[in-house]
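Reading through the structure tokens given below for one structure.
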Amino acid sequence: MAYVITTICVGVKDKGCLPVCPVDCIYEGEKQLFIDPNQCIDCGACEPACPVGAIFLDQEVPAAHQASIQENAEFFLKGLPGSTEPARP
Ligand code: SF4
């Protein structure tokens, strides 16, 4: 399991999730932020910190945003455009 940032984040990138993540596993892509599923410890702290409700536990991602699960993983596997360093507040 891991938490996932959906495309609801696109164009927002509020970054309110960053200061609450205890393991710094949130990275900044060109259009949105992403969570590294291999580093996330499922603490859930980021979910209520997002002002637009973009973050879900992978098993609870709404049907309309299922593609975001793969996109979060691919950001780290395929190196989609964005930073390879953890985003920090
Ligand atoms: Fe970080 Fe916890 Fe959110 Fe995972 S669930 S990204 S560890 S704050």
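Every number in this text was worked out from the coordinates using simple rules, so none of it is lab data. Quick caveat: nothing in here was measured; it's all calculated off a predicted structure. Positions of Cβ are backbone-derived with ideal geometry, glycine not excepted, and every protein chain shown enters the neighbour counts.
Looking for something among the aromatic types (Phe, Trp, Tyr) and in contact with a helix residue (DSSP H, G or I) (Cβ under 8 Å, 6 or more places away or on another chain) - is there at least one such residue anywhere in region 62-82? Don't jump to the end; show me each part of the working.
The first filter runs over region 62-82 and keeps only residues among the aromatic types (Phe, Trp, Tyr), leaving 75-76.
Keeping just the survivors that are in contact with a helix residue (DSSP H, G or I) (Cβ under 8 Å, 6 or more places away or on another chain) gives none.
No, region 62-82 has no match at all.
Do any residues in region 26-51 that are of a type in the set (Lys, Arg) have Cβ atoms under 6 Å from those of residues that are more than 8 Å from the ligand (Cβ to nearest atom), where the two are at least six apart or on different chains, and which pairs are they?
That search, which allows pairs on different chains as well, returns Lys31/Val10.
Taking region 1-25, which residues are in a helix (DSSP H, G or I), touching a residue at least 60 places away in the same chain (Cβ under 8 Å) and aliphatic (A, V, I, L, M)?
Listed by number, the list holds a single entry, Leu18.
Do you know which residues across region 11-21 are of a type in the set (A, V, I, L, M, F, W, C) and either under 16 Å from Leu57 (Cα atoms) or over 11 Å from the mean Cα position of the chain (by Cα) (or both)?
The answer is Val12, Cys17, Val20, Cys21.
Sort out which residues of region 16-68 are of a type in the set (D, E, K, R), more than 10 Å from the ligand (Cβ to nearest atom) and farther than 13 Å from Tyr3 by Cβ, and write them in order of number. Don't jump to the end; show me each part of the working.
From region 16-68, those of a type in the set (D, E, K, R) are 24, 28, 30-31, 36, 42, 47, 58, 60; that's our starting set.
Applying the additional criterion that residues be more than 10 Å from the ligand (Cβ to nearest atom) yields 28, 30-31, 58, 60.
Glu28, Glu30, Lys31 - these are the residues of region 16-68 that are of a type in the set (D, E, K, R), more than 10 Å from the ligand (Cβ to nearest atom) and farther than 13 Å from Tyr3 by Cβ.
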